[in-house]
Amino acid sequence: MVDFVTGLRCRECERPFPAEALHVCDYCFGPLEVAYDYEQIAATVSRARIESGPRSIWRYRDLLPVNDDTPVDLGAGFTPLVRADRLAAELGLGELWIKDDTANPTGSFKDRVVSVALTKARHLGFKVAACASTGNLANSVAAHAARAGMESVVLIPHDLESAKVTMTAVYGGTVVAVEGTYDDVNRLCAELTSERPSWAFVNVNVRTYYAEGSKTLAFEIAEQLGWQAPDHVVVPIGSGSQLTKVAKGFSELGKVGLLPEEPDAIRPVKPKTIAKSLAIGNPADGWYALEVMRRSGGSCAAVTDDEVRDAIGLLARTEGIFAETAGGVTIATLSKLAASGAVRPDERVVALVTGHGLKTVEALSGAEGSAPTSTIAPTLAAFDAAVDSIEETPSR
């Protein structure tokens, strides 16, 4: 098997490093990223080669930082790209698609990055997988570690949604709740990386490889649109990593000839409300996400908690997709971008829904649509009284 990785490179000073468990430049302290031999990839990869591969992220192995016949894989990726005509009509848009990553094995896009991270960690000889997480990453690390026969240790904020805690603990790893914010958890995790050098902290010492998994969102979107890039991609921002890697993914497709050019049109969001998975006060890739927005002519928008809840309901009742709060941020922001004219009806738009709504049901407590429509006695008369109005009510 051919490995097209040439090493690591600092994003700031561009110094080269070997493809080891490194994430920070020891000269300027800039973040490292994976470097590839794109000429060799272009000579090898083809649409036919990709289309003959597995229906998972590993069909794009030529563009990922580890080439393995037996990756640590639960089947992440190749999730549905759903044409969302009813939602588009509500928002005044034309061609709108939802990239539904709720269909991933543990219900979020984190399965993409963790599959890549733990496959690389295994290559590097690590036996323990660890992370700091707001929930989705913890779920995925625990599940993939169980699949790989690795031990897992995850650190989470003490006030995390209960569904995410349960979904992490069920895989049998160690779950440590830390009193404080995610930034406190992340700081402790960074300190532990030095204390526990034999552990693979997926979002610290193997973050460089982990982040590359997000590129597969761009790869899939392009392939599912018939090897075309959309005019806009709406991306939720926590650390900023997903946005920068989606942009890198589209760029790479152009570099290796799978797209006719290197597109760059990302429309991100940055909330700080009930979307706990995005509530990161010191985002690791924040500056780079802003740079992507500036370079591509992109936009940001802020949304309120109520707008997030309303957007979750809107997506569910128009397209049958139940998103967690981060997905509500995406749809609420898309609504604002459409209303302002930043996204036009004559453009093709893809909105990323990165996690399942069952993970954040607490956020909808008391909201419209979160309780039974009615409660009745077990009689036909009571039923008729409750539902007779359905036939008179036009569908939404």
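The values are calculated or read from the model by the stated rules, or taken from the named source; none is laboratory data. Nothing here was measured: the structure is a model prediction, and the numbers come from that model. We place every Cβ from the backbone using ideal geometry, glycine too, and count neighbours over all the protein chains shown. Quick note on the areas: whole protein, heavy atoms, side chains included, nothing else; ligands and nucleic acids left out. Shrake-Rupley method; radii C 1.70, N 1.55, O 1.52, S 1.80 Å.
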Checklist entry - Looking at the stretch 87-101, is at least one residue among the basic types (Lys, Arg), at pLDDT 95 or above and either open to solvent by 10 Å² or more (accessible area, probe 1.4 Å) or under 16 Å from HIS144 (Cβ atoms) (or both)? => result no
Checklist entry - Can we say HIS158 is open to solvent by 10 Å² or more (accessible area, probe 1.4 Å) and either in contact with a strand residue (DSSP E or B) (Cβ under 7 Å, 6 or more places away or on another chain) or closer than 22 Å to GLY53 by Cα (or both)? => result yes
Checklist entry - Identify, please: which residue in the stretch 161-175 is exposed (fewer than 14 other Cβ atoms within 10 Å of the Cβ) and modelled with pLDDT of 90 or more and is, among those, nearest to ARG147 (Cα to Cα)? => result GLY172
Checklist entry - VAL256 is checked against (1) buried (at least 22 other Cβ atoms within 10 Å of the Cβ); (2) over 25 Å from LEU155 (Cα atoms); (3) β-branched (Val, Ile, Thr) and fails just one. What number does that condition carry? => result (1)
Item to check | Residue in the stretch 128-149 that is most open to solvent (accessible area, probe 1.4 Å), counting only those that are in a loop (DSSP other than H, G, I, E, B) and out of contact with any Lys or Arg (no Cβ under 6 Å at 6 or more places or on another chain) | outcome: GLY149
Checklist entry - For the stretch 191-210, does any single residue satisfy the condition of being closer than 27 Å to ALA323 by Cα, in contact with a strand residue (DSSP E or B) (Cβ under 6 Å, 6 or more places away or on another chain) and modelled with pLDDT of 80 or more? => result yes
Checklist entry - Can you tell me which residues in the stretch 48-67 are touching a residue at least 60 places away in the same chain (Cβ under 8 Å), surrounded by 14 or more Cβ atoms within 10 Å (Cβ to Cβ) and more than 21 Å from the chain's Cα centre (by Cα)? => result ILE50, ASN67
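Farther than 25 Å from ARG9 by Cα, under 19 Å from the mean Cα position of the chain (by Cα) and of a type in the set (A, V, I, L, M) - does that describe any residue in the stretch 87-100?
yes
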Checklist outcome for this item: Quick count over the stretch 226-253, residues being open to solvent by less than 20 Å² (accessible area, probe 1.4 Å) and closer than 22 Å to ASP111 by Cα, is 18
Checklist entry - Mind checking which residues of the stretch 229-242 are without any contact (Cβ under 8 Å) to a residue 60 or more places away in the chain and closer than 18 Å to LEU81 by Cα? => result ALA229
Checklist outcome for this item: In the stretch 177-214, anything in a strand (DSSP E or B) and surrounded by 15 or more Cβ atoms within 10 Å (Cβ to Cβ) is listed as VAL178, TRP199, ALA200, PHE201
Checklist outcome for this item: Of the residues in the stretch 116-138, those that are closer than 17 Å to VAL246 by Cβ and touching a Leu at 6+ places or on another chain (Cβ under 8 Å) come to VAL116
Checklist entry - If you scan the stretch 109-125, which residues turn out to be in contact (Cβ under 8 Å) with a residue 60 or more places away in the chain, farther than 17 Å from VAL175 by Cβ and buried (at least 24 other Cβ atoms within 10 Å of the Cβ)? => result PHE109, ARG112, VAL113, SER115, VAL116, ALA117, LEU118, LYS120, ALA121
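Yes/no per residue for (1) under 14 Å from LEU364 (Cβ atoms); (2) in contact with a helix residue (DSSP H, G or I) (Cβ under 9 Å, 6 or more places away or on another chain); (3) in a helix (DSSP H, G or I); (4) modelled with pLDDT of 90 or more:
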position: GLU307; (1), (2), (3), (4): yes, yes, yes, no
position: ALA311; (1), (2), (3), (4): yes, yes, yes, yes
position: ALA326; (1), (2), (3), (4): yes, yes, yes, no
position: LEU334; (1), (2), (3), (4): no, yes, yes, yes
position: ALA338; (1), (2), (3), (4): no, yes, yes, yes
